[in-house]
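Working notes, beginning with the structure itself.
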Amino acid sequence: MNEPIAASSSVGGLALSRQRYTLRSKGLHWSGFPGALLHSGLGMMLARVSPAVFEVLIGGEDARAGEASRPRPWWMLPPLDVRMAFAPGDDLQLDLFFANPQGDWADVCAQALEALGEAGVGKSRGRFALLRHEPVPWACNEGQGERAPLPAAPIELGRMLASARFMEEGARHIGVQLLTPLRLKGEQGLVQQAPAAALFVRRLLARAAMLSGVRMVDLPLAQQALEQAHTLLITQQDLHWDDLSRYSARQQAELPLGGLTGWLRYSGAGPLDAALAWFAVGEWLHLGTKTTFGLGAYRLLPQRVCG
């Protein structure tokens, strides 16, 4: 029987929240990658609605590109609908994630999205209305209905890790579907083939440590997760490089947004409790660079439950 994963208080006080914004098309048409367009539009409207929140969440990101600094305390999961045009009345979902959110961030972003919907997004000036926004609770094995999710308030990292468990005893596989392009840095630059599980977990831990303001070794289950990840092999994959770009008004140039998309499966013979816990938390943390533009989102394919 798998032992419960213990929560730890030594996680730098990091808590995560997820807000879902439901948008209704008024003739919306994407003129590029939705994440980049929404990032640009959200930033423009945040600067008008709340310069203070703009500075914390958005300000100076192009100028900071490539700096080894603490990540911005937010990132997004853009609408995943593959259509580029939406009839009036079609609904879309945009999720924003916040690290140690301040009380008004979600509401200020809602105001900025309302203004963006009225002004129009992208070159096509596609318009939408913000119907509602609501917190999304942390829940492993979402939709199974076997156990209640944790409260929708910001959830501490240690508590999230403690809640992530195997769906069935002795699981030996971890399947990952990349929802948006993954730009993951390896020793030789951006990884353009299936990343090793150890690199995947190491980058998750590094991101959590930077957001937490602690060392990687101080994160709960960090050493165990890395040791288990080193035992995993890539047994199946269907990945390709999606070559995207975005226009930077500040730099007056097209900048790359391309990354890996598709799915892959890791398999091993030993226990995976710690590695799987971190893979599960990564569904909220996201991975790699340009997460504020909506990159690096993924979901796990195996079933699991929360406890």
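The values are calculated or read from the model by the stated rules, or taken from the named source; none is laboratory data. Values in this document were obtained by computation on a predicted structure and should not be read as measured data. In this analysis, Cβ positions are derived from the backbone assuming ideal geometry, glycine residues included, and neighbour counts consider all displayed protein chains.
Tabulated data for the structure shown
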| item | result |
| --- | --- |
| Subset of segment 81-113 [within 17 Å of Thr292 (Cβ to Cβ) and in a loop (DSSP other than H, G, I, E, B)] | Asn100, Pro101, Gln102 |
| Some residue of segment 224-242 being over 17 Å from Arg265 (Cβ atoms) and in contact with a Pro (Cβ under 7 Å, 6 or more places away or on another chain) | yes |
| Considering residues of segment 170-202 that are among the small types (Gly, Ala, Ser) and part of a loop (DSSP other than H, G, I, E, B) only, the residue surrounded by the fewest Cβ atoms within 10 Å (Cβ to Cβ) | Gly170 |
| Residue in segment 64-82 that is more than 15 Å from the chain's Cα centre (by Cα) and either under 21 Å from Thr22 (Cα atoms) or at pLDDT 95 or above (or both) present | yes |
| Selection from segment 212-225 of residues that are part of a helix (DSSP H, G or I), surrounded by 21 or more Cβ atoms within 10 Å (Cβ to Cβ) and touching a Gly at 6+ places or on another chain (Cβ under 8 Å) | Ser212 |
| Odd one out for Glu118, checked against (1) more than 29 Å from Met210 (Cα to Cα); (2) crowded, with 17+ Cβ neighbours inside 10 Å; (3) of a type in the set (Asp, Glu) | (2) |
